[in-house]
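J.: Sharing a structure with you now.
The values are calculated or read from the model by the stated rules, or taken from the named source; none is laboratory data. Since the model is a prediction, treat every value here as computed from it, not as a measurement. Here the Cβ is made from the backbone with ideal geometry for all residues, glycine too, and neighbour counts use every protein chain on show.
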Amino acid sequence: MCTYLTEKIAVEGSGKGATGWFSGTEAIVYVDHAVHAPFTHTVNIDLLNPSLGPAARVALELTEESALALADAIRAAVASAPAGIASRDQ
Amino acid sequence: MTTAVPSDALRAETVTITGHGGDEIEAYLARPLAPGSRGSVVVIHHMPGYDRETKEFVRRFAAAGYAALCPNLYHREAPGADPDDAAAAARAAGGVPDERLVGDVDGAASYLNGLDGANGRIGVIGHCSGGRHTFLAACSLEVHAAVDCYGAFIVEDPPEGLPKVMQPILHLAPQLSCPLLGLFGADDRYPAPEAVKLLDEELTRLGKPHEFHSYEGAGHSFFSPDRPAYRPEAAVDGWVKILAFFGEHLAG
């Protein structure tokens with residue numbers, strides 16, 4: 001199905017998309033049809049900068065298991081580094 | 001000496017149409033080149049966008065003898081973008097409002113009716129979110145045939161968090177302007193068989209002509225030939241039913 005459900009957050013950082021590196025300003029996460037991954041539905045994650053146009057996008061299509069493992073890995077990586085070292089106020 | 005245009009010759013191209021609010025938007029047009037009176041089909045793309053698969057649908061209708069047109073519902077948010085990038089941009093911007101969808105389909109129908117050979121009869125078809133949009137358009141505009149391929153959220157309460165623009169639209173059923181063909185997968189969860197049954201019952205109660213088919217062993221997106229959800233038996237039979245339905249209601 002097309003879920004329409006979208007988690008949207010503001011972010012700070014950069015991503016590398018089809019046109020090279022850009023500053024990302026928002027990320028959206030949603031479960032919906034995959035464009036490329038060989039599954040009907042995937043967890044889709046987009047890093048975007050709307051001010052630079054639709055091509056300023058880093059896209060992921062992951063299975064539930066992969067997406068949750070990625071989320072855990074992000075938390076583990078941050079937890080294992082000195083607190084605040086990658087913070088906006090580092 | 002003149003050479004007759006082959007009966008199977010087609011032309012397919014990007015055009016500009018006037019959509020909702022007078023906006024100029026991109027659309028993909030395919031039509032037979034041979035002269036003659038023909039019906040028209042508005043193809044409403046699914047949420048992943050104005051993509052290659054949808055354009056193949058458009059050309060298939062042209063090969064079947066119709067002028068077919070798919071408006072790019074995301075043109076305003078992402079002109080010229082790749083379809084998947086455009087879909088992400090439109091999603092991030094909140095999606096397509098129902099009112100705008102209706103205006104864009106109306107604009108597509110007007111464009112088609114202005115083409116040489118148009119017989120004034122308009123069909124509408126969409127898959128997935130386009131199925132819901134098809135029902136919405138057929139309840140909002142005067143058209144002659146509509147095909148809803150597994151459109152969800154016509155009947156059922158949306159999951160928590162669904163944007164307000166995507167609320168159920170069953171209450172529009174009394175305004176359904178044309179016969180409706182519904183093609184569904186029995187294993188689909190959105191729409192689930194219970195929701196399909198409720199829509200079927202409501203249209204029967206209202207005396208609205210409709211024909212529903214639910215395919216066993218098929219789930220959502222069974223028409224998508226390059227996706228794992230593809231079910232050839234259901235898709236092949238579905239195409240036969242679609243073309244027979246449009247043949248009955250759009251001919252002339």
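J.: Go through segment B:99-123 and count every residue that is part of a strand (DSSP E or B), within 12 Å of the chain's Cα centre (by Cα) and among the aliphatic types (A, V, I, L, M).
T.: 1
J.: Filter segment B:1-22 down to residues that are touching an Asp or Glu at 6+ places or on another chain (Cβ under 8 Å) and without any contact (Cβ under 8 Å) to a residue 60 or more places away in the chain, then give me how many there are.
T.: 2
J.: Could you give me the residue pairs with C-beta distances under 7 Å whose first residue belongs to segment A:16-27 and is touching a residue at least 40 places away in the same chain (Cβ under 8 Å), whose second residue is aliphatic (A, V, I, L, M) wherever it lies, and which are 6+ apart or on separate chains?
T.: The qualifying pairs are A:K16/A:V58; A:G17/A:A55; A:G17/A:A56; A:G17/A:V58.
J.: Let me ask you something else. Give the number of residues within segment A:31-52 that are at the interface with another protein chain (Cβ under 7 Å from one of its Cβ atoms) and of a type outside the set (D, E, K, R).
T.: Looking only at that region, the number is 7.
J.: Which residues, taken from segment B:105-123, are farther than 19 Å from B:E211 by Cβ and surrounded by 22 or more Cβ atoms within 10 Å (Cβ to Cβ)?
T.: If the condition is that a residue be farther than 19 Å from B:E211 by Cβ and surrounded by 22 or more Cβ atoms within 10 Å (Cβ to Cβ), then B:V105, B:G107, B:A108, B:A109, B:Y111, B:L112 are the ones that fit.
J.: Just give me the residues in segment B:29-47 being over 13 Å from the mean Cα position of the chain (by Cα) and either in a strand (DSSP E or B) or buried (at least 24 other Cβ atoms within 10 Å of the Cβ) (or both), in sequence order.
T.: Correct list: B:L29, B:A30, B:R31, B:P32, B:R38, B:G39.
J.: Kindly provide the set of residues from segment B:83-100 that are crowded, with 18+ Cβ neighbours inside 10 Å and facing another protein chain (nearest Cβ under 9 Å), ordered by number.
T.: The answer is B:P83, B:D84, B:D85, B:A86, B:A87, B:A88, B:A89, B:A90, B:R91, B:A92, B:G95.
J.: Let me ask something else. Quick one: would you say A:A79 is away from every other protein chain (no Cβ under 14 Å), small (G, A, S) and either farther than 25 Å from B:G126 by Cβ or in contact with a helix residue (DSSP H, G or I) (Cβ under 8 Å, 6 or more places away or on another chain) (or both)?
T.: Criteria met by A:A79.
J.: Cβ-Cβ below 7 Å, separation at least six or inter-chain, first residue in segment B:218-243 and closer than 23 Å to B:G39 by Cβ and of a type in the set (G, A, S), second modelled with pLDDT of 95 or more and not in a helix (DSSP H, G or I): which pairs?
T.: As it stands, the answer is B:A235/B:F222; B:A235/B:F223; B:G238/B:L183; B:G238/B:F223, since those pairs meet every condition given.
J.: Turning to a different aspect of this structure: Could you tell me which residue of segment B:56-89 is farthest from the chain's Cα centre (by Cα), considering only residues that are part of a helix (DSSP H, G or I) and farther than 22 Å from A:G53 by Cβ?
T.: Taking segment B:56-89 as the starting set, the residues that turn out to be part of a helix (DSSP H, G or I) are B:56-63, B:83-89.
Of the ones still in play, those that are also farther than 22 Å from A:G53 by Cβ are B:56-63.
Values: B:E56: 13, B:F57: 10, B:V58: 10, B:R59: 13, B:R60: 13, B:F61: 12, B:A62: 14, B:A63: 17 Å.
Taking the candidates together, the pick is B:A63.
J.: Please go through segment B:15-46 and pick out each residue that is at negative phi and among the small types (G, A, S). Spell out the reasoning first.
T.: Residues of segment B:15-46 at negative phi: B:15-20, B:23-35, B:37-46.
Once the filter is applied, which keeps residues that are at negative phi and among the small types (G, A, S), segment B:15-46 yields B:G19, B:A27, B:A30, B:A34, B:S37, B:G39, B:S40.
J.: Another question, if that's okay. Which condition does B:S177 not pass, out of (1) assigned to a loop (DSSP other than H, G, I, E, B); (2) within 14 Å of chain A (Cβ to nearest Cβ); (3) touching a helix residue (DSSP H, G or I) at 6+ places or on another chain (Cβ under 8 Å), if it passes all the others?
T.: Every listed condition holds for B:S177 apart from (2).
J.: Looking only at segment B:82-104, count how many residues are of a type in the set (V, I, T) and farther than 21 Å from B:R52 by Cβ. Full working, then the answer.
T.: Step one: list which residues in segment B:82-104 are of a type in the set (V, I, T), which gives B:96, B:102.
Going one step further and asking which of them are farther than 21 Å from B:R52 by Cβ, we end up with B:102.
Count: 1.
J.: Take B:G126 and tell me if it is outside any loop (DSSP other than H, G, I, E, B), in contact (Cβ under 8 Å) with a residue 60 or more places away in the chain and crowded, with 24+ Cβ neighbours inside 10 Å.
T.: In short, yes.
J.: Looking at A:V78, is it aliphatic (A, V, I, L, M) and free of Cβ contacts under 8 Å to residues at least 12 places away in the same chain?
T.: Here the answer is yes, as A:V78 does meet what is asked.
J.: A further question on this structure: Taking the conditions exactly as written (farther than 22 Å from B:F245 by Cα, surrounded by 15 or more Cβ atoms within 10 Å (Cβ to Cβ), free of Cβ contacts under 8 Å to residues at least 40 places away in the same chain and within 19 Å of the chain's Cα centre (by Cα)), does B:F153 satisfy them or not?
T.: yes
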